[in-house]
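What follows is a short report on a single structure.
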Amino acid sequence: MGIMNLAERIAFALNQINENQDVVASKLGLNKNTISKYKKGKGDLKGVALEGLSIHYGFSPIWLLTGRGTPQSQEEIGDAEPGKARHAFQLQVDLLQRIIKAVENGLDERDLYLEPDKKAEVVALLYEMYADTEKEVTEKTVTRYLKLVA
């Protein structure tokens, strides 16, 4: 498989799914054009797509964001219904969305640009940091991370 960037990992995941593009788009809460772009390796990953690829198709959210680990979650529990993978790792979608929004706002406010892979890595690091705590995502912390990579 080799080393893939974020867009290539999304494309890889979508191209592994043996379902009609309309069905995939519906399950992921995206439109068909967005799925088509993703399959061609274009476009930034949206939190809803990450959640859907993890929940409905069993792809590891950490692998999707960073490339670390394996594409398929290794923590499946029992026999999930087709299209309804269940994992010991529970993605905290609201936390992920808050982090993505904070990173996007931080970049916009500072007129900065990060390549999608770097942005995904920052999001993944912040997610790992906040996932097991009760702390709120703060602008100060996000800004510190952005200053390191921008």
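None of the figures in this text is laboratory data; all of them are computed from the coordinates on show. It should be emphasised that the depicted structure is a prediction, and the values quoted were computed from it without experimental measurement. Neighbour counts run over all protein chains shown; Cβ positions are idealised from the backbone, glycine included.
Contour minus end-to-end for residue 104 and residue 138, with contour as 0.36 nm per residue of separation and end-to-end as the Cα-Cα distance?
Separation in residues times 0.36 nm, less the Cα-Cα distance, equals 10.9 nm.
Arrange the peptides 126-134, 56-64, 94-102 so that the one whose residues have, on average, the most other Cβ atoms within 10 Å appears first.
Put in order of decreasing packing, that is 56-64, 94-102, 126-134.
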